[in-house]
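The values are calculated or read from the model by the stated rules, or taken from the named source; none is laboratory data. Since this is a predicted model, take the numbers as computed values, not measurements. Heads up, the Cβs are rebuilt from the backbone with ideal geometry, glycines too, and the neighbour counts pull from every protein chain shown. Side chains are part of the model used for accessible areas, which takes the heavy atoms of the whole protein and leaves out ligands, DNA and RNA. Shrake-Rupley method; radii C 1.70, N 1.55, O 1.52, S 1.80 Å.
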Amino acid sequence: MDRKIRVLVAKPGLDGHDRGAKVVARALRDAGMEVIYTGLHQSPESIVEAAIQEDVDVIGLSLLSGAHMTLFPDVMRLLKENDAEDIMVTCGGIIPDSDAKKLLDLGVSKVFGPGTPTDEIVDYIKNNVEPRE
Amino acid sequence: MDSLTNLLTRVLSGDRRAVARLMTMAENGDAGAREAMAKLHPHTGKAHIVGITGPPGSGKSTLVDKLALEFRRLGKSVGIIAVDPTSPFTGGALLGDRIRMNAIALDRNVFIRSMGSRGHLGGLASKTGDLVRILDAHGKDVILVETVGAGQSEVEIVRTAHTTVIVEVPGLGDDIQAIKAGILEIGDVFVVNKADLGGADETARELDTMLDMNPVDTGWRPPILQTVAKSDTGILEVVDAITSHMDHLKETGNLKDRVREREKTNLLELVRDRVVDSLMENDNERGLEDLVDSIMKYELDPHTAAERFLKPIR
Ligand SMILES: Nc1nc2c(ncn2[C@@H]2O[C@H](COP(=O)(O)OP(=O)(O)O)[C@@H](O)[C@H]2O)c(=O)[nH]1
Ligand SMILES: [Mg+2]
(Lines give C-alpha, C1' and ligand atoms only; values in the text may rest on other atoms or scores of the structure.)
(Ligands and ions follow the chains in the order given, each with its own letter.)
Protein backbone atom coordinates (compact mmCIF):
# COMPACT_ATOMS: atom_id res chain seq x y z
CA MET A 1 0.00 0.00 0.00
CA ASP A 2 1.27 3.38 -0.99
CA ARG A 3 -1.33 5.68 0.46
CA LYS A 4 -0.97 9.44 0.20
CA ILE A 5 -3.03 12.21 1.69
CA ARG A 6 -4.56 14.21 -1.14
CA VAL A 7 -5.51 17.84 -0.60
CA LEU A 8 -7.30 20.26 -2.87
CA VAL A 9 -6.07 23.80 -2.35
CA ALA A 10 -8.35 26.38 -3.89
CA LYS A 11 -8.73 30.09 -3.81
CA PRO A 12 -12.37 31.03 -4.26
CA GLY A 13 -13.65 34.57 -4.65
CA LEU A 14 -12.58 37.49 -6.70
CA ASP A 15 -9.48 38.92 -5.09
CA GLY A 16 -6.35 38.39 -7.08
CA HIS A 17 -3.72 37.12 -4.64
CA ASP A 18 -2.91 33.52 -4.11
CA ARG A 19 0.44 33.88 -2.43
CA GLY A 20 -0.87 32.49 0.87
CA ALA A 21 -2.55 29.55 -0.83
CA LYS A 22 0.65 28.73 -2.72
CA VAL A 23 2.73 28.83 0.47
CA VAL A 24 0.35 26.38 2.11
CA ALA A 25 0.28 24.19 -1.02
CA ARG A 26 4.08 23.95 -1.02
CA ALA A 27 4.23 23.19 2.70
CA LEU A 28 1.75 20.34 2.27
CA ARG A 29 3.72 18.98 -0.66
CA ASP A 30 6.94 19.16 1.33
CA ALA A 31 5.17 17.18 4.06
CA GLY A 32 4.66 14.38 1.52
CA MET A 33 1.10 15.08 0.45
CA GLU A 34 -0.32 15.26 -3.05
CA VAL A 35 -1.65 18.76 -3.49
CA ILE A 36 -4.06 19.54 -6.28
CA TYR A 37 -3.86 23.25 -6.86
CA THR A 38 -6.68 24.79 -8.85
CA GLY A 39 -5.75 28.45 -8.88
CA LEU A 40 -7.70 31.64 -8.52
CA HIS A 41 -11.38 32.53 -8.78
CA GLN A 42 -12.83 29.12 -8.18
CA SER A 43 -16.58 28.82 -7.77
CA PRO A 44 -18.07 26.53 -5.11
CA GLU A 45 -19.27 24.28 -7.95
CA SER A 46 -15.83 23.89 -9.49
CA ILE A 47 -14.23 23.33 -6.08
CA VAL A 48 -16.60 20.53 -5.16
CA GLU A 49 -16.45 18.96 -8.62
CA ALA A 50 -12.63 18.94 -8.51
CA ALA A 51 -12.62 17.52 -4.98
CA ILE A 52 -14.85 14.65 -6.09
CA GLN A 53 -12.89 13.81 -9.25
CA GLU A 54 -9.58 14.00 -7.41
CA ASP A 55 -10.92 11.96 -4.47
CA VAL A 56 -9.21 14.27 -2.00
CA ASP A 57 -9.21 13.77 1.75
CA VAL A 58 -9.18 17.49 2.44
CA ILE A 59 -10.32 20.71 0.81
CA GLY A 60 -8.28 23.69 1.98
CA LEU A 61 -9.83 27.00 1.02
CA SER A 62 -7.99 30.23 1.37
CA LEU A 63 -9.72 33.55 1.11
CA LEU A 64 -9.23 37.18 1.90
CA SER A 65 -12.21 38.78 0.32
CA GLY A 66 -14.63 38.48 3.18
CA ALA A 67 -16.95 36.47 0.97
CA HIS A 68 -16.65 33.43 3.21
CA MET A 69 -20.18 33.66 4.53
CA THR A 70 -21.59 33.24 1.05
CA LEU A 71 -19.01 30.78 -0.32
CA PHE A 72 -18.74 28.25 2.47
CA PRO A 73 -22.42 27.46 2.86
CA ASP A 74 -22.49 26.69 -0.87
CA VAL A 75 -19.43 24.46 -0.69
CA MET A 76 -20.85 22.55 2.27
CA ARG A 77 -24.27 22.20 0.61
CA LEU A 78 -22.76 20.94 -2.65
CA LEU A 79 -20.63 18.40 -0.79
CA LYS A 80 -23.75 17.11 0.91
CA GLU A 81 -25.72 16.97 -2.36
CA ASN A 82 -22.93 14.89 -3.86
CA ASP A 83 -22.66 12.49 -0.93
CA ALA A 84 -19.22 13.84 -0.22
CA GLU A 85 -19.56 15.20 3.31
CA ASP A 86 -16.75 12.89 4.40
CA ILE A 87 -14.26 15.23 2.74
CA MET A 88 -12.73 17.44 5.41
CA VAL A 89 -12.89 21.18 4.81
CA THR A 90 -10.47 23.66 6.31
CA CYS A 91 -10.34 27.37 5.81
CA GLY A 92 -7.67 30.01 6.09
CA GLY A 93 -7.86 33.78 5.88
CA ILE A 94 -9.04 36.80 7.78
CA ILE A 95 -12.24 35.62 9.37
CA PRO A 96 -13.87 37.27 12.39
CA ASP A 97 -14.40 35.00 15.40
CA SER A 98 -18.18 35.19 15.16
CA ASP A 99 -18.06 34.01 11.56
CA ALA A 100 -15.51 31.32 12.37
CA LYS A 101 -18.02 29.92 14.85
CA LYS A 102 -20.72 29.86 12.18
CA LEU A 103 -18.40 28.09 9.75
CA LEU A 104 -17.62 25.40 12.31
CA ASP A 105 -21.37 24.97 12.83
CA LEU A 106 -21.72 24.48 9.08
CA GLY A 107 -19.30 21.57 9.22
CA VAL A 108 -15.98 23.24 8.45
CA SER A 109 -13.36 21.33 10.47
CA LYS A 110 -10.94 24.07 11.24
CA VAL A 111 -10.42 27.77 10.65
CA PHE A 112 -6.81 28.91 10.48
CA GLY A 113 -6.27 32.58 11.25
CA PRO A 114 -3.87 34.75 9.27
CA GLY A 115 -0.24 33.98 9.95
CA THR A 116 -0.85 30.42 11.17
CA PRO A 117 2.49 28.60 10.84
CA THR A 118 2.32 26.10 7.98
CA ASP A 119 3.58 23.36 10.34
CA GLU A 120 0.41 23.74 12.34
CA ILE A 121 -1.70 23.24 9.20
CA VAL A 122 0.34 20.19 8.17
CA ASP A 123 0.00 18.65 11.63
CA TYR A 124 -3.71 19.32 11.79
CA ILE A 125 -4.30 17.58 8.48
CA LYS A 126 -2.05 14.64 9.31
CA ASN A 127 -3.75 14.11 12.63
CA ASN A 128 -7.32 14.51 11.47
CA VAL A 129 -7.57 12.78 8.12
CA GLU A 130 -9.40 9.51 8.60
CA PRO A 131 -7.57 6.57 7.11
CA ARG A 132 -9.74 5.20 4.32
CA GLU A 133 -10.02 1.55 3.62
CA MET B 1 -16.39 -8.32 -1.70
CA ASP B 2 -19.92 -6.96 -1.55
CA SER B 3 -18.67 -3.41 -1.22
CA LEU B 4 -16.37 -4.06 -4.16
CA THR B 5 -19.21 -5.30 -6.35
CA ASN B 6 -21.16 -2.27 -5.26
CA LEU B 7 -18.28 0.01 -6.18
CA LEU B 8 -18.00 -1.62 -9.61
CA THR B 9 -21.69 -1.31 -10.27
CA ARG B 10 -21.45 2.35 -9.41
CA VAL B 11 -18.41 2.87 -11.66
CA LEU B 12 -20.20 1.24 -14.58
CA SER B 13 -23.36 3.23 -13.99
CA GLY B 14 -21.43 6.48 -14.15
CA ASP B 15 -21.08 7.44 -10.48
CA ARG B 16 -18.21 9.95 -10.38
CA ARG B 17 -17.40 9.40 -6.72
CA ALA B 18 -17.03 5.68 -7.30
CA VAL B 19 -14.80 6.28 -10.32
CA ALA B 20 -12.59 8.57 -8.27
CA ARG B 21 -12.42 6.15 -5.36
CA LEU B 22 -11.50 3.19 -7.54
CA MET B 23 -8.74 5.31 -9.09
CA THR B 24 -7.34 5.99 -5.62
CA MET B 25 -7.43 2.30 -4.79
CA ALA B 26 -5.66 1.41 -8.02
CA GLU B 27 -3.02 4.06 -7.45
CA ASN B 28 -2.41 2.91 -3.90
CA GLY B 29 -2.02 -0.70 -5.01
CA ASP B 30 -4.96 -1.60 -2.76
CA ALA B 31 -5.64 -5.33 -2.54
CA GLY B 32 -9.24 -4.89 -3.69
CA ALA B 33 -8.18 -2.84 -6.67
CA ARG B 34 -6.72 -5.77 -8.56
CA GLU B 35 -9.93 -7.73 -8.25
CA ALA B 36 -11.96 -4.71 -9.29
CA MET B 37 -9.73 -4.08 -12.30
CA ALA B 38 -10.17 -7.69 -13.37
CA LYS B 39 -13.96 -7.33 -13.35
CA LEU B 40 -13.68 -4.04 -15.19
CA HIS B 41 -11.59 -5.42 -18.04
CA PRO B 42 -14.46 -6.67 -20.24
CA HIS B 43 -15.94 -3.17 -20.17
CA THR B 44 -12.83 -1.51 -21.59
CA GLY B 45 -11.41 -1.11 -25.08
CA LYS B 46 -13.84 1.43 -26.47
CA ALA B 47 -12.06 4.73 -25.79
CA HIS B 48 -9.59 6.51 -28.06
CA ILE B 49 -6.53 7.01 -25.85
CA VAL B 50 -4.44 10.04 -26.73
CA GLY B 51 -1.08 10.81 -25.10
CA ILE B 52 0.00 14.44 -24.92
CA THR B 53 3.63 15.00 -24.05
CA GLY B 54 6.29 17.68 -24.32
CA PRO B 55 8.57 19.83 -22.19
CA PRO B 56 7.34 21.61 -19.04
CA GLY B 57 5.60 24.88 -19.80
CA SER B 58 5.03 24.13 -23.48
CA GLY B 59 1.28 24.56 -22.98
CA LYS B 60 0.16 20.93 -22.71
CA SER B 61 -2.50 21.56 -20.08
CA THR B 62 -3.81 24.59 -21.94
CA LEU B 63 -3.96 22.52 -25.11
CA VAL B 64 -5.67 19.62 -23.35
CA ASP B 65 -8.32 22.03 -22.06
CA LYS B 66 -9.03 23.31 -25.56
CA LEU B 67 -8.91 19.86 -27.17
CA ALA B 68 -11.38 18.57 -24.61
CA LEU B 69 -13.72 21.45 -25.37
CA GLU B 70 -13.52 20.69 -29.09
CA PHE B 71 -14.19 16.97 -28.57
CA ARG B 72 -17.18 17.95 -26.43
CA ARG B 73 -18.49 20.06 -29.33
CA LEU B 74 -18.30 16.92 -31.43
CA GLY B 75 -20.47 15.21 -28.83
CA LYS B 76 -17.74 13.04 -27.34
CA SER B 77 -17.27 12.56 -23.60
CA VAL B 78 -13.74 13.14 -22.37
CA GLY B 79 -11.48 11.77 -19.65
CA ILE B 80 -8.23 13.48 -18.71
CA ILE B 81 -5.29 12.15 -16.72
CA ALA B 82 -2.58 14.69 -15.95
CA VAL B 83 0.64 13.23 -14.57
CA ASP B 84 3.16 15.43 -12.76
CA PRO B 85 6.39 14.48 -11.04
CA THR B 86 6.47 13.47 -7.39
CA SER B 87 9.35 14.80 -5.32
CA PRO B 88 11.73 11.90 -4.75
CA PHE B 89 12.75 13.44 -1.44
CA THR B 90 9.43 14.07 0.26
CA GLY B 91 7.07 11.87 -1.74
CA GLY B 92 4.81 14.89 -2.12
CA ALA B 93 3.63 16.49 -5.34
CA LEU B 94 2.15 19.76 -6.44
CA LEU B 95 -0.35 18.95 -9.16
CA GLY B 96 -1.26 22.15 -10.94
CA ASP B 97 -2.59 21.12 -14.33
CA ARG B 98 -6.18 21.91 -13.38
CA ILE B 99 -5.29 25.61 -13.24
CA ARG B 100 -5.38 25.60 -17.06
CA MET B 101 -8.45 23.41 -17.36
CA ASN B 102 -11.20 25.84 -16.53
CA ALA B 103 -13.17 25.68 -19.76
CA ILE B 104 -14.32 22.15 -19.01
CA ALA B 105 -14.16 22.07 -15.22
CA LEU B 106 -17.92 22.05 -14.77
CA ASP B 107 -18.86 19.80 -17.67
CA ARG B 108 -20.31 16.58 -16.27
CA ASN B 109 -19.16 14.74 -19.38
CA VAL B 110 -15.54 15.51 -18.61
CA PHE B 111 -13.59 13.80 -15.84
CA ILE B 112 -10.18 15.20 -14.89
CA ARG B 113 -7.76 13.38 -12.64
CA SER B 114 -4.32 14.60 -11.51
CA MET B 115 -1.70 12.01 -10.71
CA GLY B 116 1.69 12.16 -9.03
CA SER B 117 4.36 9.94 -10.56
CA ARG B 118 5.15 8.62 -7.03
CA GLY B 119 7.95 6.14 -6.55
CA HIS B 120 6.54 3.57 -8.94
CA LEU B 121 9.68 1.80 -10.06
CA GLY B 122 8.94 1.61 -13.74
CA GLY B 123 5.36 0.84 -12.83
CA LEU B 124 4.09 4.31 -13.58
CA ALA B 125 2.87 3.34 -17.02
CA SER B 126 0.92 0.45 -15.56
CA LYS B 127 -0.69 2.66 -12.88
CA THR B 128 -1.58 5.25 -15.47
CA GLY B 129 -2.97 2.41 -17.56
CA ASP B 130 -5.25 1.43 -14.68
CA LEU B 131 -6.68 4.94 -14.43
CA VAL B 132 -7.16 4.98 -18.21
CA ARG B 133 -9.04 1.67 -18.06
CA ILE B 134 -11.30 2.98 -15.33
CA LEU B 135 -12.23 6.01 -17.44
CA ASP B 136 -12.68 3.75 -20.44
CA ALA B 137 -15.07 1.47 -18.54
CA HIS B 138 -16.81 4.56 -17.20
CA GLY B 139 -17.68 5.28 -20.83
CA LYS B 140 -15.42 8.14 -21.82
CA ASP B 141 -15.03 8.31 -25.62
CA VAL B 142 -11.68 10.09 -25.68
CA ILE B 143 -9.05 9.91 -22.95
CA LEU B 144 -6.28 12.50 -22.96
CA VAL B 145 -3.18 11.60 -20.95
CA GLU B 146 -0.83 14.52 -20.23
CA THR B 147 2.74 13.75 -19.19
CA VAL B 148 5.91 15.77 -19.03
CA GLY B 149 8.15 14.57 -21.83
CA ALA B 150 11.34 14.12 -19.92
CA GLY B 151 12.18 10.61 -18.90
CA GLN B 152 11.87 7.07 -20.06
CA SER B 153 8.83 6.37 -17.90
CA GLU B 154 6.95 9.17 -19.63
CA VAL B 155 7.82 7.71 -22.97
CA GLU B 156 6.41 4.43 -21.72
CA ILE B 157 3.17 6.06 -20.62
CA VAL B 158 2.82 7.49 -24.08
CA ARG B 159 3.24 4.02 -25.52
CA THR B 160 0.00 3.05 -23.82
CA ALA B 161 -1.84 5.50 -26.10
CA HIS B 162 -3.33 4.90 -29.54
CA THR B 163 -2.30 8.34 -30.70
CA THR B 164 0.59 10.39 -29.35
CA VAL B 165 0.73 14.16 -29.65
CA ILE B 166 4.12 15.79 -29.11
CA VAL B 167 3.92 19.43 -28.04
CA GLU B 168 6.88 21.64 -28.78
CA VAL B 169 7.40 25.40 -28.69
CA PRO B 170 9.25 27.68 -31.11
CA GLY B 171 13.02 27.60 -30.74
CA LEU B 172 13.76 23.94 -30.18
CA GLY B 173 17.38 24.45 -29.20
CA ASP B 174 18.17 22.10 -26.34
CA ASP B 175 15.12 20.01 -26.96
CA ILE B 176 16.75 18.57 -30.05
CA GLN B 177 18.51 16.11 -27.76
CA ALA B 178 15.25 15.04 -26.18
CA ILE B 179 13.73 14.60 -29.59
CA LYS B 180 16.59 12.44 -30.68
CA ALA B 181 16.17 10.40 -27.50
CA GLY B 182 13.08 8.79 -28.90
CA ILE B 183 10.31 11.37 -28.87
CA LEU B 184 10.41 11.70 -32.63
CA GLU B 185 9.72 8.02 -33.19
CA ILE B 186 6.68 7.96 -30.96
CA GLY B 187 4.94 11.10 -32.22
CA ASP B 188 1.85 10.66 -34.40
CA VAL B 189 0.96 14.33 -34.38
CA PHE B 190 3.37 17.20 -33.77
CA VAL B 191 2.15 20.51 -32.40
CA VAL B 192 4.24 23.66 -32.30
CA ASN B 193 2.35 25.60 -29.63
CA LYS B 194 2.87 29.27 -28.73
CA ALA B 195 2.98 30.07 -32.44
CA ASP B 196 2.22 33.66 -31.38
CA LEU B 197 5.79 33.95 -30.10
CA GLY B 198 7.37 33.82 -33.55
CA GLY B 199 9.83 31.32 -34.91
CA ALA B 200 7.15 28.64 -35.17
CA ASP B 201 7.62 28.20 -38.92
CA GLU B 202 11.29 27.50 -38.42
CA THR B 203 10.64 24.97 -35.65
CA ALA B 204 8.02 23.27 -37.79
CA ARG B 205 10.54 23.06 -40.64
CA GLU B 206 13.18 21.56 -38.36
CA LEU B 207 10.73 18.95 -37.17
CA ASP B 208 9.76 18.22 -40.74
CA THR B 209 13.38 17.62 -41.70
CA MET B 210 13.87 15.32 -38.75
CA LEU B 211 10.74 13.36 -39.63
CA ASP B 212 12.07 12.96 -43.16
CA MET B 213 15.03 11.14 -41.68
CA ASN B 214 12.90 8.81 -39.61
CA PRO B 215 13.67 5.34 -40.95
CA VAL B 216 10.42 3.71 -39.79
CA ASP B 217 7.66 3.96 -42.37
CA THR B 218 4.23 3.12 -41.00
CA GLY B 219 2.30 4.69 -43.83
CA TRP B 220 1.37 7.58 -41.58
CA ARG B 221 3.26 10.80 -42.02
CA PRO B 222 2.84 12.74 -38.75
CA PRO B 223 1.40 16.19 -39.46
CA ILE B 224 3.12 19.21 -37.93
CA LEU B 225 0.57 21.75 -36.76
CA GLN B 226 0.89 25.20 -35.25
CA THR B 227 -1.34 26.35 -32.40
CA VAL B 228 -1.89 29.18 -29.99
CA ALA B 229 -3.59 27.12 -27.30
CA LYS B 230 -4.03 30.14 -25.06
CA SER B 231 -6.29 31.82 -27.59
CA ASP B 232 -7.91 28.75 -29.13
CA THR B 233 -6.14 28.98 -32.49
CA GLY B 234 -5.43 25.86 -34.54
CA ILE B 235 -7.22 23.51 -32.14
CA LEU B 236 -9.70 22.16 -34.69
CA GLU B 237 -6.83 21.03 -36.90
CA VAL B 238 -5.27 19.10 -34.01
CA VAL B 239 -8.56 17.36 -33.26
CA ASP B 240 -8.89 16.50 -36.95
CA ALA B 241 -5.37 15.07 -37.02
CA ILE B 242 -6.02 12.97 -33.91
CA THR B 243 -9.23 11.63 -35.39
CA SER B 244 -7.60 10.95 -38.80
CA HIS B 245 -4.82 9.06 -37.07
CA MET B 246 -7.35 6.73 -35.46
CA ASP B 247 -9.07 6.27 -38.84
CA HIS B 248 -5.70 5.39 -40.33
CA LEU B 249 -5.00 2.86 -37.56
CA LYS B 250 -8.35 1.22 -38.18
CA GLU B 251 -8.07 1.18 -41.98
CA THR B 252 -4.58 -0.30 -42.04
CA GLY B 253 -5.14 -2.80 -39.27
CA ASN B 254 -2.33 -1.15 -37.32
CA LEU B 255 -4.71 -0.55 -34.44
CA LYS B 256 -4.76 -4.19 -33.48
CA ASP B 257 -0.95 -4.35 -33.61
CA ARG B 258 -0.64 -1.29 -31.44
CA VAL B 259 -3.07 -2.53 -28.83
CA ARG B 260 -1.41 -5.91 -28.85
CA GLU B 261 2.02 -4.33 -28.36
CA ARG B 262 0.60 -2.26 -25.51
CA GLU B 263 -0.98 -5.23 -23.76
CA LYS B 264 2.22 -7.21 -24.12
CA THR B 265 4.37 -4.44 -22.63
CA ASN B 266 1.91 -3.96 -19.81
CA LEU B 267 1.74 -7.67 -19.08
CA LEU B 268 5.52 -7.94 -18.97
CA GLU B 269 5.70 -4.96 -16.65
CA LEU B 270 3.16 -6.52 -14.31
CA VAL B 271 4.98 -9.85 -14.34
CA ARG B 272 8.27 -8.11 -13.62
CA ASP B 273 6.74 -6.20 -10.69
CA ARG B 274 5.23 -9.31 -9.22
CA VAL B 275 8.33 -11.42 -9.60
CA VAL B 276 10.35 -8.78 -7.79
CA ASP B 277 7.62 -8.38 -5.15
CA SER B 278 7.44 -12.07 -4.47
CA LEU B 279 11.23 -12.33 -4.26
CA MET B 280 11.30 -9.49 -1.76
CA GLU B 281 8.71 -11.22 0.41
CA ASN B 282 9.67 -14.15 2.64
CA ASP B 283 12.39 -12.18 4.37
CA ASN B 284 14.45 -12.21 1.26
CA GLU B 285 15.46 -8.59 1.61
CA ARG B 286 18.30 -9.70 3.86
CA GLY B 287 19.33 -12.14 1.14
CA LEU B 288 19.45 -9.30 -1.36
CA GLU B 289 21.69 -7.23 0.91
CA ASP B 290 24.01 -10.20 1.42
CA LEU B 291 24.31 -10.66 -2.33
CA VAL B 292 25.13 -6.99 -2.75
CA ASP B 293 27.81 -7.37 -0.07
CA SER B 294 29.32 -10.28 -1.97
CA ILE B 295 29.36 -8.28 -5.20
CA MET B 296 31.13 -5.44 -3.43
CA LYS B 297 33.71 -7.81 -2.01
CA TYR B 298 34.25 -9.23 -5.49
CA GLU B 299 33.21 -12.67 -4.29
CA LEU B 300 30.33 -12.73 -6.75
CA ASP B 301 29.64 -11.09 -10.07
CA PRO B 302 26.24 -9.41 -10.60
CA HIS B 303 24.94 -12.04 -13.04
CA THR B 304 25.68 -14.93 -10.70
CA ALA B 305 24.18 -12.94 -7.83
CA ALA B 306 21.02 -12.43 -9.87
CA GLU B 307 20.87 -16.19 -10.55
CA ARG B 308 21.08 -16.90 -6.82
CA PHE B 309 18.46 -14.30 -5.99
CA LEU B 310 16.07 -15.91 -8.47
CA LYS B 311 16.61 -19.40 -7.04
CA PRO B 312 13.42 -19.51 -4.91
CA ILE B 313 11.27 -19.29 -8.04
CA ARG B 314 13.37 -21.41 -10.34
N1 LIG C 1 2.23 32.81 -25.52
C2 LIG C 1 1.56 31.68 -25.32
N3 LIG C 1 1.49 31.17 -24.10
C4 LIG C 1 0.81 30.00 -23.92
C5 LIG C 1 0.17 29.34 -24.98
N6 LIG C 1 -0.40 28.22 -24.50
C7 LIG C 1 -0.13 28.19 -23.17
N8 LIG C 1 0.59 29.28 -22.81
C9 LIG C 1 1.09 29.62 -21.47
O10 LIG C 1 2.19 28.81 -21.14
C11 LIG C 1 2.23 28.58 -19.74
C12 LIG C 1 2.32 27.09 -19.44
O13 LIG C 1 1.14 26.47 -19.88
P14 LIG C 1 0.69 25.03 -19.38
O15 LIG C 1 -0.51 24.67 -20.17
O16 LIG C 1 0.59 24.98 -17.91
O17 LIG C 1 1.96 24.17 -19.85
P18 LIG C 1 2.37 22.65 -19.48
O19 LIG C 1 3.35 22.73 -18.38
O20 LIG C 1 2.99 22.14 -20.73
O21 LIG C 1 1.11 21.93 -19.11
C22 LIG C 1 0.98 29.24 -19.18
O23 LIG C 1 1.32 30.49 -18.65
C24 LIG C 1 0.08 29.36 -20.39
O25 LIG C 1 -0.84 30.43 -20.27
C26 LIG C 1 0.25 29.92 -26.29
O27 LIG C 1 -0.26 29.41 -27.28
N28 LIG C 1 0.96 31.10 -26.40
MG1 LIG D 1 0.65 20.78 -17.42
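Could you let me know the centre-to-centre spacing of region A:2-64 and region A:98-123, using Cα atoms, in angstrom?
Centre-to-centre (Cα) distance: 15 Å.
Would any residue of region B:17-50 have its amide N under 20 Å from a label point 7 Å out along Cα→Cβ of B:V259? List them or say none.
It comes to B:37-50, nothing else.
Take peptide B:79-88, look around each residue's Cβ out to 10 angstrom, count Cβ atoms belonging to other protein chains, and average those counts. Show your work: numbers first, answer last.
On the way: counts 1, 1, 0, 1, 0, 2, 0, 4, 3, 0.
Going residue by residue through B:79-88 and averaging, the value is 1.
May I ask what percent, to the nearest 5, of DSSP beta bridges between residues of region B:44-251 are antiparallel? Don't jump to the answer; show the numbers that get you there.
Values: 1 of 31 bridges.
Just about 5 percent of them are antiparallel.
Kindly flag which residue pairs out of A:K126/B:K39; A:K4/A:K126; A:K4/B:K60; B:K76/B:K250; B:K60/B:K250; B:K60/B:K230 have an alpha-carbon separation exceeding 22 Å in this structure. Don't jump to the answer; show the numbers that get you there.
Details: A:K126/B:K39 34 Å; A:K4/A:K126 11 Å; A:K4/B:K60 26 Å; B:K76/B:K250 19 Å; B:K60/B:K250 26 Å; B:K60/B:K230 10 Å.
Listed pairs above 22 Å: A:K126/B:K39; A:K4/B:K60; B:K60/B:K250.
Hey, if we sort B:R17, A:R3 by accessible area with the 1.4 Å probe, largest down, what's the order?
Values: B:R17 35, A:R3 85 Å².
The ranking, largest first, comes out as A:R3, B:R17.
Per residue of B:93-103, what is the mean number of Cβ atoms on other protein chains within 10 angstrom of that residue's Cβ?
Averaged over the peptide's residues, the number is 6.
Can you tell me the Rg and the Dmax, both Å, for the Cα atoms in the protein assembly as shown?
23.4, 73
Peptide A:5-11: average number of partner chain Cβ atoms within 10 Å per residue?
On the way: counts 1, 6, 1, 3, 2, 1, 0.
For this peptide, the per-residue mean of nearby foreign Cβ atoms is 2.
Quick one: which residues, 5+ away or cross-chain, put their amide H under 5 Å from the amide H of A:G32? H built at 1.01 Å from N.
Residues meeting the amide H criterion: B:G92.
For region B:1-42, which whole-number percentage of the solvent-accessible area (1.4 Å probe, protein heavy atoms only) is attributable to carbon and sulfur atoms?
Details: 1080 of 1940 Å².
Ligands and nucleic acids excluded, carbon and sulfur give 56 percent.
Which whole number in µm²/s is D for chain B by Stokes-Einstein, with the Kirkwood Rh taken over Cα pairs at 25 °C and 0.890 mPa s? Don't skip to the answer; put the middle values down first.
Values: Rh = 21.0 Å.
D, rounded to a whole number, is 117 µm²/s.
Heavy-atom accessible area per residue, region B:44-251, 1.4 Å probe: how many Å²?
Details: 8170 Å² over 208 residues.
That works out to 39 Å² per residue.
Could you compute the FRET efficiency for A:D97 and B:R34, with r as their C-beta to C-beta distance and R0 at 51 Å, rounded to 0.05?
On the way: r = 50 Å, r/R0 = 0.97.
In this case the efficiency is close to 0.55.
Convex hull over the alpha-carbon atoms of chain A: what's its volume per residue in Å³?
On the way: hull volume 13.0 nm³, N = 133.
Per-residue hull volume (Cα only) is 98 Å³.
Given points 7 Å out from each Cα along the Cα-Cβ axis, report the B:R73 to B:D201 separation in nanometres with one decimal.
With each label placed 7 Å out from Cα toward Cβ, I get 2.6 nm.
Most fluctuating residue of B:V216, B:V169, B:V189 in a GNM of chain B with Cα springs under 10 Å: which is it?
B:V216
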